[in-house]
Amino acid sequence: MNLDNLPAHKGTDIRRWATKHKVELCFTPTYASWANCVEAHFGPRRQFTIANSHHPNHTVQTRTLHAPLGWRNANARHRDALAAERKERARIRSEKGIRWGGRRLNTAA
């Protein structure tokens, strides 16, 4: 199981559960979010639904966050849709000068 380095993932309860269920915990290196499979889901959701948004309440925000999941689940196996998502994310990161992990590119003037 791949995990980031969140302290909650390293507690004794988690390690005990993993040992009991014969699950190997594999921690991704620091600043290597690209190596964590779940980032493929959270990065685009943050970029497209939360960044620079002003939801009137939590219900509207929740609906906005859930909408892409419904679409992604319905189209999860379609290779063309997944390739289009990757291409669009790369285009947006490039336009904003953002690297994987959310850090800005160093631009020399």
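The values are calculated or read from the model by the stated rules, or taken from the named source; none is laboratory data. Here the structure is a predicted model, which is why all the values come from computation and not from measurement. Virtual Cβ from ideal backbone geometry, glycine too; neighbours counted across all protein chains shown.
Within segment 50-68, the set of residues being within 18 Å of Glu85 (Cα to Cα) and without any contact (Cβ under 8 Å) to a residue 24 or more places away in the chain comprises Ile50, Ala51, Thr64, Leu65, His66, Ala67. Assess whether His55 counts as being at pLDDT 80 or above and surrounded by 10 or more Cβ atoms within 10 Å (Cβ to Cβ). In short, yes. Out of the residues in segment 1-36 that are part of a helix (DSSP H, G or I), hydrophobic (A, V, I, L, M, F, W, C) and under 30 Å from Arg93 (Cα atoms), which is modelled with the highest pLDDT? Out of the qualifying residues, it is Ala8.
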